[in-house]
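Every number in this text was worked out from the coordinates using simple rules, so none of it is lab data. Since this is a predicted model, take the numbers as computed values, not measurements. No Cβ is skipped: glycine too gets one built from the backbone with ideal geometry, and neighbour counts run over all protein chains shown.
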Amino acid sequence: MAPHGHDLVTGCFGVVPLHVAQHPHNCISNNGLPITHNSVRLIGRYADLSALSHPNICKYLDVIRGKGELVAVVQEYHDISLQQLISKRPPSNLPATSTKQIVFDITSGLHYLHSRGIVNRSVTLQNVLIERNTGTAKLSNFGFFYLTMGGKAVDFFVGDMALSAPEVLVSKISSTKCDIWSLAVVLLCLMNKGHLVNESSTFAGIIKILFGGQLSVREKCSQLSVQLQDQFVEFLEKSLVIKPSKRATAEQLLKLDIFSECKPGNHQDELYPFALSKAHLVTANDILDESELEEPLSRACTLVELYELWRMAGGDVLAELEKFGLVRGSIPICDLPLVVLPSGEIYKEHRDNILGQSQTLYPISPSLIVKRLAHVEPEVYFPLTLTKCKLAEGMQDMAQLPTVIKERNIEYQLHRIKLFTALLHGYPASIDLIRNEAMLDVPPLLRRYVWSALLEVKGDIDDYYNKIDKTQSLGAIDRQIDVDIPRCHQYNHFLSSPTGHEKLRRILKAWVIDHPDLTYWQGLDSLAAPFLVLHSGNEALAYASLKTFVRKYVNNFFLNDNSHVMTEYLWVFCQLVMFHDPELALHLQDMGFIPELYAIPWFLTMFTHVFPLQKIFYLWDTMLLGNSSFPMFLGAAVLIQVRETLLSYEFNECILLFSDMPDVDIDRVIKDAMRMYQITPMTLTYRKHSYHQQENELLPPKPPEGGAKYSYTFSKTFLSEHVASFPDTAELKEDSCGRIFIQDLAKLLRYQESVEKRGGTASSTIVVVDIRSQDVFDVGHLPDSLNVPISQDLVTPDGQPTSPQVHTLLRHRRKRDSLTVVVGPNEGATRKFCKMLMGLHFLHVARVHGGTSALSQAGMLCATS
Amino acid sequence: MSGRPRQNGPAQAKALQFKLVLLGESAVGKSSLVLRFVKGQFHEYQETTIGAAFLTQTVTVDGVTVKFEIWDTAGQERYHSLAPMYYRGAQAAIIVYDITNRDTFERAKSWVKELDRQARKDIVIALAGNKFDLSNKRMVEVEEGSAYAQEHNLIFMETSAKTGDNVSNVFVEIAKMLPKVEPKPNNNGQTVRIDDNQEAQNGGGPGCCSKN
């Protein structure tokens, strides 16, 4: 929450253009790969900055790579700096703040940064901004030294030399202690109401006094004509110390008596309760301030949300820079080299870096979105998730539109962001509501948290992750990870940066160490990539999400020997395709175009190896809502989308088609997969080797109310034996037709019955075909089942059905909404009958596992009345 | 669909088809060699191969057009169990190592041994020491590769997928060594057979030299 409102007119975020140093042309690193551009390195390092949040630092919002090694860094903006505050004409309407409080604020901000290992080195009067309403001081531009790898990526000095600590100027050593020195000099400036002066007023003169080891603080002040306030003497004695080792830390300074009455700033971060910690205890901030209702956009939106909305509305940071005249449209011809040596060295016109040296923050006004959101009711900003959780009118139609359109509608996104934020704060209790809402769509801004919620990540994830020793050697696996990482989604700037590589390596190693029974397979890197990109600033949450994801969807794929797991998975996938498109499945089967040849990268990496990340985001938004078999439906939907092509192709063409994934329409894949998922009996995709977390999918249905026709109760022993008798892969592969469990059949029949009772029509009609001979059938069978004995031909030579039952059966052949379930007396007969139905391209055929004997044991058969 | 020429046009009717498999440790440049040979391209950050990839390309030697059906396999040792599926029945193999990495040369040797044991007896094998462009970082001398190849009767070349050096030469040399008679269908020449029980009797078996 932003209790004090953002300035939507002047701007609440700003951009700093930064020209980073260019590498000489054609430079190659040790491993033969081109050297990473400095701009890409910066983007990698930005990840850690983006995660920082504290009341006394300005939030980093984005980093964008422009042409010619220009990097635009977007961050929180306030229009008054400390420099202006102490100038001769300070801005009016500012709440009175004491110098003491300002120094306290800066020290608090530094303490926070130092605790995260970040050296600021740019503590200057310009880089401390003052929040208008509260007078709080906030560090701005604090990340440049960190971003630029200690200044290595830029050709200019980071910081202000006049404020730099002795060790920085003398030996270029920069530790957190150099910030303390700068802070002390800033304090001198504050007391002096401006820059430091001495009689000669030269830089050297001032430095000489400041660095004077023999001078006391008081003497230094008097020589610099600073009006020393007594209260700061102790502070300065501890901070204005030449030797870094003797200089106090920010933490020590905060404990000084002078600050005993200072208040730490109020602040609430976008923290969601994935890991339980004190931060989630309700603070006074959670209580709604009525003023928020008056200007909700400025008061009830976080900066991150505002920036996201502005960007969605078409806001373009680079275009803003151009408005300020900061990006010169350079003519391409100017980029031609002046001299090219035979060795390949190139000399170009020297690019002047003056623009990049100022570190000036240029404000961006979000006025673009203000008008468009002016009419939004205040309630939207404070959704009541427990009493009503639905979209406002006018937004409901919007929800049905394609994702790309929804993502560009900022009003819709505002609704969604606010709703999901509220729901996420209630996680894990709100998990069902989150699931329901995610069915509609997931707002990109909150995708990372929504995913972690859908994966039910919880527990002390930071502690868990930190406890894994990621430094231990893994031998051959280390080598494999090392060669795989520089090839993993390298079109993504973050993943191609050294920081991205380092983080991915740590996460992969952590996973391998954390799973002694599993191992690293090529492909795990791709699988980790989406989580790392989303949680680039939070490795522990990225890791926790990956861990739960792998367990749910690809668990045993990472066994040392995964062949049985893979074979079973791919065979069940074939059965699923057969169930939904027998014509296509048979064509592929006849050609020998088996999934082993094309689908291993699909499923082992859950499509991350075949689709770019942007498509993966949409695909997984839906996949995470489904069970561990859902990916098979996505695979089937891909095949079915290109079915006409496949049907017309020979083997070689088919294999070539999938060597590079064809350009499939992801929205359609998702829709088709959803549709198939909804009409497929749950247990058709059962696999022995899948992760069985949700045992309840295999549990008996609840006892029905009143004497329904299909009211069965199964004993637990029967069910577990029934499930345990599911065949091994070798036997499973005898069947092209998938099998369902008896309790699944009972559930479907009862569902159909209950719908019919209410006078409705079930979404699919179930036809149970009993293939035993009529006399056995008459002794006992499932009510309403069709008797089509296997011994009998289905049609006469002239194509007429041989019995009324056959006639009924044949009517269901191509019906999109019917499910044909075969029950037989033994494997051979059932297999043969199913094969015949497949040959006739019957849609949606399944066989009951265990056949009629299982039905009989379960007491589901009754005699003809 | 993919913009590649259709493979079964009448113009190609005379082409002899051969199944070729690429083997070797991961990140030695198998996919890059194929990409250079088939599309004339090179990607610095070539993605890893999972399972295997399939591509085709034709070369003409001595007036005969030879069409390679190339199976580019995954390099990681774990994917080893899939390898027989691809080299079974292959008429040619390129075993690739990275001249800047000794271990990959050792791995190449073990592939030679495996093919000796498991592949067709008449398989033509080429040993390719890739990344020739990085020869200043070389860890395997050219003489060593060459001597090993001679000893085992392999075609030998140092290649660079990055610059294109020797890449098509390897394929041409292989094509020269291959028999110039149409391999019989439904024999060992069948391109892919994963499961011996399955569809083996089907004449139009997978990828066997298109008769149409």
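Overview of values
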item: In nm, spacing of pseudo-spin labels at A:Leu368 and B:Asp165 (7 Å Cα→C-beta vector); result: 5.0
item: Cα gyration tensor shape for region A:80-259, rounded if a/c is under 1.5, else prolate or oblate; result: rounded
item: Net charge, A:His781 excluded, C-beta distance under 12 Å - Lys, Arg +1, Asp, Glu -1; result: -3
item: Simple label model, 7 Å out from Cα along Cβ direction - A:Asn466 to A:Phe156, nm; result: 3.8
item: Nearest 10 degrees, 0 to 90: helix A:666-679 Cα axis against chain A principal axis; result: 40
item: Angle in degrees between helix A:99-115 and the longest Cα principal axis of chain A, rounded to the nearest 10; result: 50
item: Shape of region A:773-845, Cα gyration tensor, a/c cut at 1.5; result: rounded
item: Unit charges at the beta carbon, dipole of the protein assembly as shown: most positive-side option, A:Val340, A:Tyr60, A:Val795; result: A:Val340
item: For region A:723-794 versus region A:121-159, the gap between their alpha-carbon centres in whole angstrom; result: 71
item: Neighbour-count ranking [beta-carbon atoms within 10 angstrom, fewest first] of A:His37, A:His195; result: A:His195, A:His37
item: Sum of -39500 (n - 2.57) over DSSP H runs of 4+, divided by residues of chain A (222 nm, nearest 500); result: -12500 deg cm²/dmol
item: Three-way shape label, chain A, alpha-carbon gyration tensor, a/c 1.5; result: prolate
item: For chain A: relative contact order, % (alpha-carbon pairs under 8 angstrom, 6 or more apart); result: 10
item: Exposure proxy order (Cβ contacts within 10 Å, fewest to most) of A:Tyr347, A:Tyr686; result: A:Tyr347, A:Tyr686
item: Chymotrypsin sites (Phe, Trp or Tyr not before Pro) within region A:771-852, DSSP loop, no more than 16 other Cβ atoms inside 10 Å; result: none
item: Those trypsin sites (Lys or Arg not before Pro) in region A:742-808 that DSSP places in a loop and that have at most 15 other beta carbons within 10 Å; result: A:Arg758
item: Signed unit charges on C-beta, dipole axis of chain A, positive-most listed residue A:Gln227, A:Gly151, A:Leu424; result: A:Gln227
item: DSSP-assigned coil residues among trypsin sites (Lys or Arg not before Pro) in region A:818-852, each with at most 13 further Cβ atoms within 10 Å; result: none
item: Residues A:Ile86, A:Ile369, A:Ile35, A:Ile405, sorted so that the one with the fewest Cβ neighbours within 10 Å comes first; result: A:Ile405, A:Ile35, A:Ile86, A:Ile369
item: Net charge, A:Val241 excluded, C-beta distance under 10 Å - Lys, Arg +1, Asp, Glu -1; result: +4
item: Fraction of beta bridges assigned by DSSP in chain A that are antiparallel (%, nearest 5); result: 65
item: Acute angle (nearest 10 degrees) that the helix A:827-839 long axis makes with the longest principal axis of chain A, alpha-carbon atoms; result: 70
